[in-house]
């Protein structure tokens, strides 16, 4: 399972949490209390932080959301192959893939329905990016396997601009035009 898809309580067991005083505007409360939250995912070394709120609890929630997005963007996991498909890992064999139950639960008429602020978004983004990595950024094939149209898939990726920017950088390096 991708770390971005882990329930928050399970993910937090793999995270080092530090609190510090925030800098900048915010008044006496911010400058005298440890409201800045910094998280480090120990297995991957991926970090996130939040400190724009005066409340440590609100900053912790935001830092966890940012960590899950960063995990989705920066960490790839090998997707399982379909059962009974021994050739699916070979470089020349076609990839067979079945979307996760979470992904299928969010499909409506070839559209993925989820807000970028929803708790499910990082897990869905991680699944999409893992599949793109497995397919060497073949966007139409990934969209087909996930049961969405190519345009809907690109719109989904665009909900996290860093995901689409990274994909376009890789496409550019391969001499392909950018998406969107």
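Quick note: the coordinates plus some simple rules give every number you see, no bench work behind them. Bear in mind the structure is a predicted one, so any value in this text is a computation, not a measurement. Cβ sites come from the backbone with ideal geometry, for glycine too, and all protein chains shown count toward neighbours.
What is the packing order of peptides 162-169, 141-148, 59-66, taking the mean over residues of other C-beta atoms within 10 Å and listing the highest first? Don't jump to the answer; show the numbers that get you there.
Values: 162-169: 16.2, 141-148: 20.4, 59-66: 18.9.
Most protected by this proxy first, the peptides run 141-148, 59-66, 162-169.
If packing is taken as the average number of other Cβ atoms within 10 Å across a peptide's residues, how do 127-133, 71-77 rank, most packed first?
Numbers: 127-133: 21.7, 71-77: 19.6.
For the peptides 127-133, 71-77, the packing ranking is 127-133, 71-77.
In which sequence would 160, 136, 52 go, from the one with the fewest C-beta neighbours within 10 Å to the one with the most? Walk me through the numbers before you get to the answer.
On the way: 160 19, 136 12, 52 15.
Exposure proxy ranking, most exposed first: 136, 52, 160.
Sort the following peptides by mean Cβ neighbour count (other Cβ atoms within 10 Å, averaged over residues), highest first: 118-126, 40-48.
On the way: 118-126: 21.0, 40-48: 15.2.
Going by the mean number of other Cβ atoms within 10 Å, highest first, we get 118-126, 40-48.
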